[in-house]
Each structure stands twice: as structure tokens, then as C-alpha cells.
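What follows draws every value from the coordinates through simple rules; no lab data is involved. In this text, all values refer to a predicted model and were calculated from it rather than measured experimentally. Methodologically, a virtual Cβ is constructed for each residue, glycine included, from the backbone with ideal geometry; neighbour enumeration extends over all protein chains shown.
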Amino acid sequence: MHLHKYEKIWLTFGVGSLALFLAIIGFAAFWKGTHPQSHIEVIDPQNVQAHESFKPENLGLHEVADGKYIFNIVASAFNYDMGVDADGVPVKTIRVPKGSTVLYQITTIDVVHGFNVAGTNVNMMVEPGHISRFETVMKNTGEFTIVCNEYCGIGHHLMYGTVEVYE
Amino acid sequence: MGKGTSKQQQASHSDSEVSFKGTFIAVMLVGVFILVSWFGLYALFLSR
Amino acid sequence: MSTNELIIPKKDSKLYMSFMYVTYISLLVGGLMGLLQTLVRSGKYTLPFNIDYYTILTVHGVILGLVLTTFFIIGFQFSLMGKTVGMTDKQRKVAWLAFWVMVVGTVMAAITILVGEASVLYTFYAPLRAHPAFYFGLAFVIVGSWIAAFVNFRQLYVWKKAHKGEKSPLLAFMVIINMLMWFIASLGVASAVIIQFIPWSLGYAETINVLLSRTLFWYFGHPLVYFWLLPAYMAWYAIIPKIIGGKLFSDSLARLAFILLLLFSIPVGFHHQLTEPGIDPTWKFIQVVLTFMVIIPSLMTAFSIFATFEETGRRKGYQSLFGWFKKLPWKDVRFLAPFIGMVAFIPGGAGGIVNASYQMNALIHNTIWVTGHFHLTAATTVILTFFGITYWLVPHLTGRRLTPKLNKLGIIQTYIWTIGMTIMSTSMHIQGLLGGPRRSNFSEYAGGEQVATWISYQVSQAVGGTILFIGIILMVYIFIQLTFFAPRGVEEFPIAQESDNAQPAPKFLENWYLWIGITIALILFAYTIPVFDILKHSPPGSIPFDWPIGR
């Protein structure tokens, strides 16, 4: 099999570029810990309240330390349960100051859902029996729409919320 | 139709006769496009 | 060395054409659904008769992604086998069986979807439950395609026995690679459908392991897209050179590229599951590395194609740096349509590398960027090449000619497609980067600036979608002309020859045991431990859900 001189250069360049990409994402993953969410922890989808994080009173946003938050959500067709406010009204918007670290924890009681804080790197599949968990720093201010981005049924596009990051 | 004497045919497999300079420039442009788009999007990922 | 080209008898033509009829009916139906989707998502149009958006979306995905592609590919590949290694009467009979089994499956699935009993999209993720007829329909389509695969294997085997010591014709070799990949990969989705979905949808099994079903699906789902791409590569490597008046660049390198595609297309499904909670991150990363390996044969292909163009042009005497490029047959639609397909694969491929880049996947996962991505790769690269094949294959089979007038219409069709897709796909890519979700009916969500921006891009997608639908109508018109009305004549079946002094292909390229062995070894390496983990750490299974899809 004969490889032309230019093809050798091209393939070296191409494979080199791929190796460079892998080196960058591999370094980010295994040295800096920037993995996509992969929590492995399982839960009974019929009884998510048994888990501390998903008890009705623990849903929604909680400040656990200065600038550190936990945000617990239970997804179901076609709603994100983010707890209730002081008046008992379901929460649809959460607000955090810029630069805060937020741990998103979410699970589903029925079908597969998505959870994307659109415009941020919080983008997870939510599957029955599994806990999706992702911690990130909210670097940019603005209103970010939470959307269900995995098809969950005829009301799929009606599943949303808002994360507001203020200065 | 690409038919020639056997001497010319021989050329197709030696690096000197038929020039693949244009091909080389074209594929390298493709490579540069891949690099630019990947790094651009990686920067966007990091900024979020 | 010249390959023996056979004459395709009428009986065979009829078989191949049957696959083409289903292809172009699917194009019309699926395309109409696509148009409706883009119109609905613009926010300015609602579907009549209470038709659900997601029913339309399921029809679009199943009919175009699974039916159109599979029928075209199997029909085209049969014609390649018939042309290069021949088809016996017995093989033709079994091939007809494959066709009808696939048709029965398609009709079953299509009816189930249309009556609203299977609005589960073409990925049919559990625990959404469709009517059992949907899963049975899918199983029939897959089994039918297996019958076709085994006919192809048999065709080459018979030829090899009669041509001891000769290397198989390049196109036959490529078909076998594609069908091997398809067979090995579809074992995954078939086992999910037969072992998991069917008993569960019938109520014999109470629960389903969701993560396992998704893993089996994506074990199939990535090779699926390569199953679409490889026939396009067949045309690029072995047919386009003939159309432009040249020869094969390198028979051996083409074979090597196809072998690499077989090896690395399958053990990579996790790159579709990067943002899933239940899979170990290290195994995700390992499959990302394997995914990057499958890019290499495409890099080789890029070089081969440009080199074919340059070599052909230079032999014709165009000596300037890019003179050969200017002199390509731009007015021949058999070349132009696949060529634009090749160009689309540059941003398509680059986007694919981004998608597979591990944590970076969060940037685009399930956003409409992904839809934009596969409308470049599948709906431009692959489909324009399939159109390019249609322009000569159909008249060749029907004994008609691609007239200058039809050629011109084809060129117009190609430009319409290019313009429509550029508008639609670009706005999908941008909207996706801004977070806009895929697979979603029109929605204003909580309102606000972000959502308003998404909707503005959805309006441009509707413009692109409308242009594309005009392209579809034109293409179906051309197909009908080529099938029934074009003047009688002889249209060439273009197969490129090797240069007379090409180096002989190394024997190991046709060592099927070796390649199948490595393929299986790579699959076992990539999947054994993670699948074992999934089974060992599985949560309680999921009961079926019917009401979310309106059943």
C-alpha cells in the first residue's frame, strides 16, 4: 500500500490535531475533574422521597455555605418540582449571586427527562432510577431558562423554570 | 479519459510526476477549519 | 486490472427499483412532516385536526432516518452487487423476501405512529411505551435488512468460489463491510426490541431496565449513521472518479478506510450518552478515544477525493495549482449533487468532533445544534449523494436516459437544497449554542430575551424548511420522470477502474476473519465492563408509561 508524501503529512497533521483535542479534554477531565455528569448513584423512582435530597421540604434552592448552594429538583411529566415558597406557591425561578457554586441534584419519578440550564454547561439527562448531579460556578449574570431537552411526552415543551444570576 | 502510455501511468505512483499540491493545500485548509471551530467552541465552553 | 461489469437483467432491475419506490414515497411523506414541524416551531402556524406535533416528529424521524435510508441503501447495494458479482435466481427470491419483510414492518410501524399510538420518536426511549405493533414493525424492518445482508454475503461467497485467488471487486467489498457493520450493530437494537421492549409492551414483563435499553440502542445508533454514510463513501471512492473521467485514486487505501470504519464505528455508542448519570466516566472517555479513531478514515477519504480530482484534471492537461478544480464537470448533476454533499461534510465532520469531545458535549447535548448537525451529515452529505446516485441508477434500471433537461432540473434541485439547508442548518447550529432544545414543540417557556432569540431562529428554520420542501417536490418529480417518462435509452452505470499499473492490494485486506475478529474484540473491550456495571448497579426497573404520549 502506497501513501503519497503529502498524504502522510496530512494524516500526521490530522491525527496530531485529534491527539491534541484528546489531550486537552483528557487533562481537563482527569486532572481538573471536569467530567460530564456521571454520578452512578441509584434511587427507587417510585419512592424518591426516601432519599434525603428529594424529601418535599428539601426541594428547591438551599444555601449551604457562603456562596455555596444546593438545588434539588424532582422531574415528572411535565413539571420540575423545585419546592414551594413561604406562601406555598410552587417555585419556578431561583436566584443566585454571580460567582456562586451551585450543586444541581435532580431525579425523575416517571420517564426520561432532560435538564438544561440553557446557556450554561448544566446539561444533563435525567433517567428513572438514577440521580443526576452536577456542580458548577455560575460565572455569568442573566436569566437562564431551564428546559427539558429530552422528549418526555406531549407536554414536553411545557416543562421549564428559570435561573437568575444577579450581580 | 486519463489513459496514457504506460510511462505516464507509471507516474501516478511516483511522488514526482503528478503533482498533488492543490490537494495538499485543500486538505490543510480543511484541517485548519477543524482546528479553528474546535478551539472556538472550547473557548465558549470554558466561558460558561 | 479491469473489473468485470455485468449487465443487470430486467428481473433484477425490478427488485432494485422496488427499493427506490419506497425511498421516494418516504422522501415525500417524511419531508412534508419536516415542513410542518418547521412551520409549527415558527409559532405562526398550528396543525389542523388536533394532530400532535410529536406524532409528526416521530413520523419524520422514523420515515426519513430509518425507512428512507435503509431502503435506498439496501436497494443501491443490491444493484452494486448485481453489477459486480451478480445475483442468482435463488438469491433474487430471498432478496424479494427481504424487501417484503421490510415493507410489512414499515407499514406496521407507520400505521401505529399515524394513529397516535407510538409518539415515542425514532429513539423510542423507555419507559415511554408505544403500542406493541410499533416494536414488532421495527423488528421486521431489522430482520428484513438482515436477510438482505445475508444475500449480499452469499453473493460475494459464490463469486469468490468462482474466482479463486482474485480480489473481490471494490464495490462488492465495500457493500460487505457496510452490511457486516449493520448486522453486528443491529444485534444490539434487535435484542433491546425483542428481549426488553416487546415483552414489556405486551405486559409480560412488568419493568424495563432503562439504562440498558438506551445503551443497547446507542450501541446501534452510532453505527447506524455510518451505515448511512458508507454508501455515500462508496459513490465518492468508486463512482465519482468515473463520472469525472478519471480512475480510482487507490483501491487499497479505499479498502483500508472501509476496514477502519468497520472497526471503529461500533465501540463508540457512549458518545451519545455522555451526559447520562449511570455510566462510569472513565468508560465514557475510553469510547470518546475510540470515537476519535473513526475520524481517521474520513481524513483519508478527504485526501483521496481531492487527489482523484487533481489527478484527473492534471492528466487532462490542466497544470495550474487549482486549474483541475475549475474544470470539474460542474454542469453534470451526477457530480454536482455528491460534490456539495462532500463540502457539507466539512462543517458536519468538524461539528461531530465537537459533539464527541467528552465534557464539551454539555455545550450542545440535546440542543437543536444536534439537529442542525445531522441535517448536514445525513440530510445533506448522505442525501445529496443518494440523489446524485438516483440520477443515473434509476434511468439505468428503467432503460431510460437522464436528458439534458432533467440534468438541468437536477442542478436546480441541488442548489435549492443547498440554499434551504444552509439557512435551516446554520440557524439550528446557532440556536443550539444559545441553548435552544431539540425535539420540542413551539413554546415560549417562561418568556424573556433568551426565548425570544430562539424563536427568531425558528422563523429562519421555517424559511429554510419551506425551501427544502420545494426541493423535495422537485426531486420526486425528477424521480417520476426518470422512472416512467424519460426517453428510452441507455444510461451508464459508472464504475471507476484502477489504473493499469496500480499496485496489487495486499492480501490481508480481505482477511475477513481478522477484521471481524478485531471488530468483536474492540466491542467486547469497550462494552463488557460498563455493561456488567450497568447490570450490577441497576436501580429498580421502570414500569411502562402510556399517558405522557397521549395513549
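Please tell me the relative contact order of the stretch C:413-479 in percent, rounded to the nearest whole number, where contacts are Cα pairs under 8 Å and at least six residues apart.
56
When 1/r is averaged over all different Cα pairs and the result inverted, which Kirkwood radius in Å belongs to the stretch C:405-535?
Evaluated on the stretch C:405-535, it is 20.8 Å.
Using the Karplus curve 6.51 cos²θ - 1.76 cosθ + 1.60 with θ = phi - 60°, what ³J(HN,Hα) values do you get for each residue of the stretch A:136-141, in whole Hz, with x for Gly and Pro?
8, 9, 7, 7, 10, 7
Which links in A:LYS68/A:LYS139; A:LYS8/C:LYS164; B:LYS21/C:LYS326; C:LYS160/C:LYS507 stretch past 23 Å when you go from one Cα to the other?
Table pairs above 23 Å Cα-Cα are A:LYS8/C:LYS164.
Can you give the calculated 222 nm mean residue ellipticity of chain C, where each DSSP H run of n ≥ 4 adds -39,500 (n - 2.57) and the sum is split over every residue, rounded to the nearest 500 deg cm²/dmol?
-22500 deg cm²/dmol
Taking a 23 Å limit on the Cα-Cα distance, which of the listed pairs C:LYS10/C:LYS83; C:LYS83/C:LYS331; C:LYS247/C:LYS408; C:LYS242/C:LYS408 fall beyond it?
C:LYS83/C:LYS331; C:LYS247/C:LYS408
Just want to confirm a number: the relative contact order over chain C, from Cα pairs under 8 angstrom separated by 6+ residues, in percent.
Details: 835 pairs, mean separation 112.8, N = 551.
The normalised contact order for chain C reaches 20 percent.
By how many degrees, between 0 and 90 and to the nearest 10, does the Cα long axis of helix C:10-41 differ from the longest principal axis of chain C?
40
Apply the Karplus parameterisation 6.51 cos²θ - 1.76 cosθ + 1.60, with θ equal to phi minus 60°, to every residue of the stretch C:76-93 and state each ³J(HN,Hα) to the nearest whole Hz, in sequence, with x for glycine and proline.
4, 5, 4, 5, 5, 5, x, 6, 9, 10, x, 9, 7, 4, 5, 4, 5, 4
For the protein assembly as shown, give the magnitude of the charge dipole about the Cα centre (Cβ charges: +1 Lys/Arg, -1 Asp/Glu; no others), in debye to the nearest 20.
Dipole of the protein assembly as shown, to the nearest 20 debye: 3520 debye.
Quick check for me: using +1 on Lys/Arg Cβ and -1 on Asp/Glu Cβ, what's the dipole size of chain C about its Cα centre, in debye to the nearest 20? Please report the intermediate quantities before stating the final value.
Details: 37 positive and 22 negative charges, 326 e Å.
With Lys and Arg at +1 and Asp and Glu at -1, about 1560 debye.
Please list, or write none, the lysines whose alpha carbon is within less than 23 Å of the alpha carbon of C:LYS284, excluding same-chain residues fewer than 8 places away.
Cα-Cα hits under 23 Å: A:LYS32, C:LYS536.
Using θ = phi - 60° and the Karplus curve 6.51 cos²θ - 1.76 cosθ + 1.60, what whole-Hz ³J(HN,Hα) does each residue of the stretch C:395-406 get, with Gly and Pro shown as x?
x, 4, 6, 9, x, 10, 10, 7, 6, x, 5, 5
For C:LYS167, list the aspartates and glutamates whose Cα falls under 14 Å from its own Cα; do not include residues on the same chain fewer than 8 positions away.
The qualifying aspartates and glutamates are C:ASP251, C:GLU498, C:GLU510.
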